[in-house]
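Encoded as structure tokens, the structure appears first; notes follow it.
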Amino acid sequence: MFSRFLQRAPENFLSRTQIQDVRAGRRGFLAKAFAAAAATAAAGSVSAQGEGGDANILSLPPHSKGLGQPVAARGYGLPSEFEKNLQRRESPGLTRVGQSSVSFCPLQGLFGIITPSGLHFERHHQGWWDIDPSKHRLMVNGSDEGMLKRPMVFSMDDVMRLPSVSRMHFIECGANTGMEWGNAAVPTVQYTHGMLSCSEFTGVPLRTLLELCGADLRRARFILAEGADGSGMTRTIPMSLVMSGEVLVAYGQNGEMLRPENGYPLRLIVPGVQGVSWVKYLRRIEVGDMPYGAKDETLHYVDLLPDGTHRQYTSIQEVKSVVTSPSGGQVLLQKGFHTITGLAWSGRGKILRVDVSTDGGRNWAPARLQGPVLAKCLTRFNADFVWDGKPAIFQSRAVDETGQIQPTYAELRKVRASRSIYHNNAIQSWLLEENGEVKNVQI
């Protein structure tokens, strides 16, 4: 959206050749390339106000004097042509193979808490598929003959005729903000925090399916979820989450069927737990009495600790927040009143409070929480800011209903050092310079 007060962060600031340089390990030009893109965008930003008054109000535009496009000209609605630059984007150099990569959600351009399905972040290990739902099957079995009375195979029709529920939850990749462990590495909030989205999901509680199969719910302690893509994605889920009714076998997202990139026609929803456990293209559930030690929970998605050991089976996404505007790559074009806005979330429940600082954490003030405030769901917060033209450092600090407080980088590194990848929930800092540019910094 055009604004005379805020210039949006530049996108596509690298050429194809430069992307290849990044993938080859040559990254020194990144800061210069980003700065050049920002300067070009600033040069093209001109005031719509002329000396004789605003022509946009003095003269009737064509759309006020003629017929518009016919009803249902586009069978599936699309964003405005003027919003086409708001896209999920792959981070150059993150992976060498596009099928095993991430697309980042443009958090800086979103409102409220729901992520449009077409902007939902993606993480794939073997590419995405558009699977024929009439041929897709979900098998439920036990680790031994006594674990289930009736092992069953469900078609999509079988699943969708069962009583359903709809709930709003965030999903965050365990590696979100992972590039920032050692230092400020990427320029915008899309790349620092964009492995995060929030949707309304519709499906059947997994507990319902297990009860239909006659699962021994006293012996069962874990389930194994398996996806149908080529990566053989399998994850252990504690039975305590399943018994709470939270875990869903979902087919709906934001009022329609799941998108292929998000697991169509069936995926697992595990609220509060890192996204890798939300297995896409779900085809099998096995009920067992011990963790399964799958490759993606013993070799991958483990936390490197300061003494060199790995911490396995860490899955809860701890309390976290980020200011999405003003944020890195954006430019404040005028002094005076601005709104600070951002998102907060916790895998342990509801957000209780968010505090905002404009001086790098020396002073804090409570932000306004914008409803609804739901458990294991994104929460939007807002705060007022009057810019006097001097430098400022924006931060947000979230507190959840269990009393967990979002840590500083210094506090987190005391426990986790700086060589990890996963579960970085440290406070993010954005430096506003005197020229209005906003940059990613760590303090």
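The values are calculated or read from the model by the stated rules, or taken from the named source; none is laboratory data. This one's a predicted model, so the numbers in the text were calculated from it and none came from an experiment. When we count neighbours, we look across all protein chains shown, and the Cβ atoms used for this are built from the backbone with ideal geometry, even at glycine. We work out accessible area using only protein heavy atoms, side chains counted, and drop any ligands, DNA or RNA first. Shrake-Rupley method; radii C 1.70, N 1.55, O 1.52, S 1.80 Å.
Would you pick out the residues in region 202-220 that are part of a strand (DSSP E or B) and out of contact with any helix residue (DSSP H, G or I) (no Cβ under 7 Å at 6 or more places or on another chain)? Correct list: T202, G203, P205, A215. Counting only residues that are modelled with pLDDT under 95, open to solvent by 60 Å² or more (accessible area, probe 1.4 Å) and among the basic types (K, R), region 403-443 holds 3 of them.
Quick check: anything in region 367-376 buried (at least 18 other Cβ atoms within 10 Å of the Cβ), within 18 Å of S197 (Cβ to Cβ), out of contact with any Lys or Arg (no Cβ under 9 Å at 6 or more places or on another chain) and touching a residue at least 60 places away in the same chain (Cβ under 8 Å)? Looking for residues that are buried (at least 18 other Cβ atoms within 10 Å of the Cβ), within 18 Å of S197 (Cβ to Cβ), out of contact with any Lys or Arg (no Cβ under 9 Å at 6 or more places or on another chain) and touching a residue at least 60 places away in the same chain (Cβ under 8 Å), one finds none in region 367-376, hence no. From the list N85, N56, the lone residue that is modelled with pLDDT of 60 or more, in a loop (DSSP other than H, G, I, E, B) and open to solvent by 50 Å² or more (accessible area, probe 1.4 Å) is N85.
Between S231, S166, S240, the distinction of being surrounded by fewer than 18 Cβ atoms within 10 Å (Cβ to Cβ), among the polar types (S, T, N, Q) and assigned to a loop (DSSP other than H, G, I, E, B) belongs to S231 only. The number of residues in region 305-337 being open to solvent by 10 Å² or more (accessible area, probe 1.4 Å), touching a strand residue (DSSP E or B) at 6+ places or on another chain (Cβ under 7 Å) and within 30 Å of L431 (Cβ to Cβ) comes to 6. Does A250 count as assigned to a strand (DSSP E or B), free of Cβ contacts under 8 Å to residues at least 60 places away in the same chain and surrounded by 24 or more Cβ atoms within 10 Å (Cβ to Cβ)? It is true that A250 is assigned to a strand (DSSP E or B), free of Cβ contacts under 8 Å to residues at least 60 places away in the same chain and surrounded by 24 or more Cβ atoms within 10 Å (Cβ to Cβ).
Quick one: is Q108 of a type in the set (S, T, N, Q) and touching a helix residue (DSSP H, G or I) at 6+ places or on another chain (Cβ under 7 Å)? Considered against the rule, which asks whether it is of a type in the set (S, T, N, Q) and touching a helix residue (DSSP H, G or I) at 6+ places or on another chain (Cβ under 7 Å), Q108 comes out as yes.
Yes/no per residue for (1) open to solvent by less than 40 Å² (accessible area, probe 1.4 Å); (2) aliphatic (A, V, I, L, M); (3) at pLDDT 95 or above:
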| site | (1), (2), (3) |
| --- | --- |
| H125 | no, no, no |
| D132 | no, no, yes |
| K135 | no, no, yes |
| M139 | no, yes, yes |
| V153 | no, yes, yes |
| M156 | yes, yes, yes |
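Screening the candidates D359, D400, D384 for the property of being touching a strand residue (DSSP E or B) at 6+ places or on another chain (Cβ under 9 Å) and buried (at least 23 other Cβ atoms within 10 Å of the Cβ) yields one hit, D400.
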